[in-house]
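Remarks on the structure that follows.
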Amino acid sequence: MAVLENQKSIYIFIGPPGSGKGSLSRLCEQRLGWVQLSTGDLCRQHIAQGTEIGKQMDFAIKSGKLISDSLIVEMVGNWLLTQESDDKPVIFDGFPRTVPQIHALQKLFEDRHIAARLVIVHMVLPDEVVEMRLKSRLICGNKDCQIVYSAIDSKLAPRQEMQCDECSSELIRRSDDHENSIKERLLVYYKHKQGLLDFYQTIGQAVVDLPAQGHVEEVFNSFQNIVGLKRA
Ligand code: ADP
């Protein structure tokens, strides 16, 4: 089976739930031809397919808790094995979320002889914007699509009510986008965030802050400037 090989640019997106990690990753895929891995999407695919792993994850996700490091790392390792060995940059959206996951990722790279050039992008926006976005978030119910829309932001509204612009599937609310779970996810995010940032600092790994309050096109523009893909 093909594996990623040699020098590889790996973009790691850190940000609160609802900060637009998935939407930005999608633009990078579409416009720059990059590859994206969202561990949240992978978890939801397992749940939708009713796999054994999916059954273990369902409750944790609905209540806003993290999935165990071992399960997540196993999924990421399996995903890496399915990737072509080309030089396309890869985005990790929502992984690593804990320091043990960073160590596990380093080990996955070593085992697969990948010399990773890490770019860590920290998406920054106020909690009240996060909460408002999550409470009004709609997603495409097709698990292979999962495009994000908003019930209140006209720039992110679907063309047809409750219908995906891309694949025409019905739009749904995510099972973890309810009030209690949103609060829990924010708590979990802040609990782990500082540990991640401190760890990167300890190993001398730069982290770039990306203002994430604007529309996804603006964020995409700032992202390209900040990581040096184009001139400001
Ligand atoms: P969000 O960032 O909006 O909360 P995601 O789709 O990235 O959404 O993740 C949804 C859920 O999937 C998380 O709340 C968590 O339960 C699980 N999950 C995703 N990535 C990880 C990870 N790296 N470690 C542990 N759990 C994860």
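Surface analysis of the chain yields an accessible area of 51 Å² per residue, using protein heavy atoms and a 1.4 Å probe. The GluC sites (Glu not before Pro) found in the range 61-124 that occupy coil by DSSP, while having at most 13 further C-beta atoms within 10 Å, are Glu84.
If both residues of a DSSP beta bridge must be in the chain, then about 25% of such bridges are antiparallel. Put one equal scatterer on each alpha carbon of the chain, apply the Debye formula with no solvent term, and list log10 I(q)/I(0) at q = 0.11, 0.14 1/Å to two decimals. Rounded to two decimals, the profile gives -0.55, -0.94.
Based on the Cβ-Cβ distance of Cys145 and Asp198, what FRET efficiency does E = 1/(1 + (r/R0)^6) give at R0 = 45 Å, to the nearest 0.05? In this case the efficiency is close to 0.80. Prolate is the label for the range 100-207. Its Cα gyration tensor axes, ordered a ≥ b ≥ c, give a/c of at least 1.5 and a/b above b/c.
Dividing the Cα radius of gyration of the range 15-112 by 2.2 N^0.38 Å, with N the residue count, gives 1.09. Counting charges near Val130 (Lys, Arg +1; Asp, Glu -1) among other residues having Cβ under 12 Å from its Cβ returns a value of +2. The simple spin-label model puts a point 7 Å past each Cα toward its Cβ; for Glu128 and Ala157 those points are separated by 2.4 nm.
Exposed loop sites here are trypsin sites (Lys or Arg not before Pro) in DSSP loop states with at most 13 other C-beta atoms within 10 Å. What is the longest stretch of the chain lacking them? Longest site-free region, per DSSP loop and neighbour criteria: 1-158. Here the spin labels are modelled as points 7 Å beyond Cα on the Cα-Cβ line, and at Val208 and Ile53 they lie 3.1 nm apart.
Annotation note: GluC sites (Glu not before Pro) in the range 145-232 located in DSSP loop regions with a Cβ neighbour count of at most 13 within 10 Å are Glu161, Glu166.
To put it simply, the accessible area of the range 1-61 at a 1.4 Å probe is 50 percent carbon and sulfur. Computed over the chain with a Gaussian network model linking Cα atoms closer than 10 Å, the most mobile of Phe220, Phe59, Phe95 is Phe59.
The values are calculated or read from the model by the stated rules, or taken from the named source; none is laboratory data. The structure displayed is predicted, hence computed values, not measured ones. Glycine also receives a Cβ, built like all others from the backbone with ideal geometry; neighbour counts cover every protein chain displayed. Please note that ligands, DNA and RNA were not included when accessible areas were found on the heavy atoms of the full protein model with its side chains. Shrake-Rupley method; radii C 1.70, N 1.55, O 1.52, S 1.80 Å.
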